[in-house]
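The values are calculated or read from the model by the stated rules, or taken from the named source; none is laboratory data. This structure is a prediction, so every number in the text was calculated from the model and none was measured. FYI the Cβ positions are ideal-geometry reconstructions off the backbone, even for glycines, and counts take in every protein chain you see.
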(Lines give C-alpha, C1' and ligand atoms only; values in the text may rest on other atoms or scores of the structure.)
Protein backbone atom coordinates (compact mmCIF):
# COMPACT_ATOMS: atom_id res chain seq x y z
CA UNK A 1 0.00 0.00 0.00
CA UNK A 2 1.34 3.45 -0.87
CA UNK A 3 0.07 4.99 2.34
CA UNK A 4 2.45 7.53 3.81
CA UNK A 5 4.38 7.24 0.58
CA UNK A 6 5.76 3.73 0.74
CA UNK A 7 7.52 3.08 -1.53
CA UNK A 8 8.45 6.75 -1.35
CA UNK A 9 9.84 6.93 -4.86
CA UNK A 10 6.32 6.46 -6.20
CA UNK A 11 4.78 9.50 -4.56
CA UNK A 12 7.55 12.06 -4.10
CA UNK A 13 9.73 13.83 -6.65
CA UNK A 14 12.53 13.57 -4.09
CA UNK A 15 11.92 10.54 -1.86
CA UNK A 16 14.93 11.19 0.38
CA UNK A 17 13.79 14.71 1.26
CA UNK A 18 10.12 13.72 1.05
CA UNK A 19 9.40 16.72 -1.16
CA UNK A 20 7.18 17.07 -4.17
CA UNK A 21 4.33 14.97 -2.75
CA UNK A 22 2.08 13.48 -5.48
CA UNK A 23 4.15 15.24 -8.14
CA UNK A 24 6.45 12.45 -9.33
CA UNK A 25 7.24 12.87 -13.02
CA UNK A 26 5.99 9.42 -13.96
CA UNK A 27 2.56 10.28 -12.49
CA UNK A 28 2.33 13.30 -14.77
CA UNK A 29 3.59 11.23 -17.71
CA UNK A 30 0.84 8.66 -17.15
CA UNK A 31 -1.82 11.34 -16.88
CA UNK A 32 -0.47 13.14 -19.94
CA UNK A 33 -0.64 9.93 -21.95
CA UNK A 34 -4.25 9.32 -20.89
CA UNK A 35 -5.78 12.81 -20.94
CA UNK A 36 -3.41 15.43 -22.40
CA UNK A 37 -1.94 14.15 -25.67
CA UNK A 38 -3.68 16.66 -27.96
CA UNK A 39 -5.96 19.70 -27.92
CA UNK A 40 -8.91 17.34 -28.38
CA UNK A 41 -8.22 15.26 -25.26
CA UNK A 42 -10.50 15.49 -22.25
CA UNK A 43 -8.00 17.22 -19.95
CA UNK A 44 -7.56 20.07 -22.44
CA UNK A 45 -11.13 20.39 -23.67
CA UNK A 46 -12.61 20.46 -20.17
CA UNK A 47 -10.11 22.85 -18.60
CA UNK A 48 -12.57 23.94 -15.91
CA UNK A 49 -12.65 20.38 -14.58
CA UNK A 50 -8.92 19.69 -14.81
CA UNK A 51 -7.23 22.96 -13.81
CA UNK A 52 -6.17 22.80 -11.09
CA UNK A 53 -5.83 19.02 -11.12
CA UNK A 54 -8.65 17.69 -8.96
CA UNK A 55 -7.70 15.78 -5.84
CA UNK A 56 -10.03 12.87 -6.72
CA UNK A 57 -8.22 12.46 -10.06
CA UNK A 58 -4.86 12.48 -8.29
CA UNK A 59 -6.15 9.90 -5.79
CA UNK A 60 -7.33 7.70 -8.65
CA UNK A 61 -3.92 7.96 -10.30
CA UNK A 62 -2.12 7.00 -7.07
CA UNK A 63 -4.53 4.08 -6.63
CA UNK A 64 -3.83 2.88 -10.17
CA UNK A 65 -0.10 3.01 -9.43
CA UNK A 66 -0.72 0.94 -6.34
CA UNK A 67 -2.62 -1.56 -8.48
CA UNK A 68 0.43 -1.81 -10.74
CA UNK A 69 2.77 -2.28 -7.77
CA UNK A 70 0.51 -5.03 -6.42
CA UNK A 71 1.02 -6.94 -9.67
CA UNK A 72 4.77 -6.99 -8.95
CA UNK A 73 4.54 -7.82 -5.24
CA UNK A 74 6.09 -11.27 -5.75
CA UNK A 75 9.07 -9.88 -7.65
CA UNK A 76 7.63 -11.02 -10.96
CA UNK A 77 4.58 -9.57 -12.65
CA UNK A 78 1.42 -11.50 -11.89
CA UNK A 79 -1.85 -10.01 -13.07
CA UNK A 80 -4.23 -9.24 -10.22
CA UNK A 81 -7.04 -11.79 -10.66
CA UNK A 82 -9.89 -9.40 -10.03
CA UNK A 83 -8.36 -6.60 -12.08
CA UNK A 84 -8.75 -3.01 -11.02
CA UNK A 85 -12.01 -3.37 -9.11
CA UNK A 86 -13.93 -1.20 -6.70
CA UNK A 87 -14.12 -4.11 -4.26
CA UNK A 88 -10.34 -4.34 -4.01
CA UNK A 89 -9.32 -0.70 -4.40
CA UNK A 90 -12.12 1.55 -3.04
CA UNK A 91 -10.58 1.69 0.44
CA UNK A 92 -7.14 2.39 -1.02
CA UNK A 93 -8.60 5.17 -3.18
CA UNK A 94 -10.32 6.66 -0.11
CA UNK A 95 -7.03 6.56 1.82
CA UNK A 96 -5.16 8.32 -0.99
CA UNK A 97 -7.88 10.96 -1.24
CA UNK A 98 -7.72 11.52 2.53
CA UNK A 99 -3.94 11.95 2.35
CA UNK A 100 -4.27 14.41 -0.52
CA UNK A 101 -6.84 16.40 1.45
CA UNK A 102 -4.51 16.37 4.47
CA UNK A 103 -1.72 17.64 2.20
CA UNK A 104 -4.04 20.35 0.89
CA UNK A 105 -4.95 21.40 4.43
CA UNK A 106 -1.33 22.46 5.01
CA UNK A 107 -2.00 25.41 2.66
CA UNK A 108 -5.06 25.37 0.42
CA UNK A 109 -3.86 28.25 -1.75
CA UNK A 110 -0.34 26.87 -2.22
CA UNK A 111 -1.53 23.36 -3.01
CA UNK A 112 -3.97 24.84 -5.52
CA UNK A 113 -1.02 26.63 -7.16
CA UNK A 114 0.94 23.37 -7.25
CA UNK A 115 -2.00 21.57 -8.86
CA UNK A 116 -2.35 24.40 -11.43
CA UNK A 117 1.36 24.15 -12.22
CA UNK A 118 0.95 20.42 -12.66
CA UNK A 119 -1.86 21.10 -15.14
CA UNK A 120 0.33 23.54 -17.09
CA UNK A 121 3.17 21.00 -17.05
CA UNK A 122 0.82 18.45 -18.59
CA UNK A 123 0.00 20.91 -21.38
CA UNK A 124 3.66 21.63 -22.05
CA UNK A 125 4.50 17.91 -22.07
CA UNK A 126 2.11 17.56 -24.99
CA UNK A 127 3.27 20.84 -26.59
CA UNK A 128 -0.31 22.05 -26.26
CA UNK A 129 -1.01 25.75 -26.40
CA UNK A 130 -4.31 26.49 -24.81
CA UNK A 131 -6.64 28.89 -26.59
CA UNK A 132 -7.57 31.70 -24.28
CA UNK A 133 -10.89 33.31 -25.06
CA UNK A 134 -13.75 34.78 -23.13
CA UNK A 135 -16.71 32.45 -22.87
CA UNK A 136 -19.72 33.64 -24.80
CA UNK A 137 -22.54 34.85 -22.56
CA UNK A 138 -26.21 35.50 -23.19
CA UNK A 139 -26.96 37.58 -26.26
CA UNK A 140 -29.02 40.72 -25.75
CA UNK A 141 -32.01 38.99 -27.37
CA UNK A 142 -31.66 35.93 -25.10
CA UNK A 143 -31.49 38.24 -22.08
CA UNK A 144 -34.63 40.13 -23.21
CA UNK A 145 -36.54 36.86 -23.73
CA UNK A 146 -35.47 35.51 -20.32
CA UNK A 147 -36.53 38.73 -18.59
CA UNK A 148 -39.92 38.60 -20.33
CA UNK A 149 -40.37 34.96 -19.34
CA UNK A 150 -39.50 35.67 -15.71
CA UNK A 151 -41.55 38.87 -15.43
CA UNK A 152 -44.63 37.06 -14.20
CA UNK A 153 -42.81 34.93 -11.64
CA UNK A 154 -42.89 36.32 -8.08
CA UNK A 155 -39.50 36.86 -6.41
CA UNK A 156 -40.46 35.07 -3.18
CA UNK A 157 -42.84 32.36 -2.04
CA UNK A 158 -44.70 34.95 0.04
CA UNK A 159 -45.42 37.05 -3.04
CA UNK A 160 -46.55 33.91 -4.83
CA UNK A 161 -49.00 33.06 -2.00
CA UNK A 162 -50.33 36.64 -1.99
CA UNK A 163 -50.95 36.42 -5.74
CA UNK A 164 -53.14 33.32 -5.22
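Under the condition of being without any contact (Cβ under 8 Å) to a residue 12 or more places away in the chain and in contact with a helix residue (DSSP H, G or I) (Cβ under 7 Å, 6 or more places away or on another chain), the residues counted in the stretch 86-120 number 1. The set of residues in the stretch 103-159 being under 20 Å from the mean Cα position of the chain (by Cα), modelled with pLDDT of 85 or more and not in a helix (DSSP H, G or I) consists of 107 alone. Annotation note: Cβ proximity below 9 Å between a residue of the stretch 71-85 that is free of Cβ contacts under 8 Å to residues at least 24 places away in the same chain and a residue that is surrounded by 11 or more Cβ atoms within 10 Å (Cβ to Cβ) and part of a loop (DSSP other than H, G, I, E, B) (sequence gap 6+ or interchain) occurs for 71/78; 71/80; 72/78.
Restricting 68, 83 to residues that are closer than 25 Å to residue 125 by Cα, surrounded by fewer than 18 Cβ atoms within 10 Å (Cβ to Cβ) and more than 19 Å from the chain's Cα centre (by Cα) narrows the list to 68. Filtered by the rule that a residue be touching a residue at least 60 places away in the same chain (Cβ under 8 Å) and surrounded by 15 or more Cβ atoms within 10 Å (Cβ to Cβ), the stretch 27-36 gives 28, 31, 32, 35, 36.
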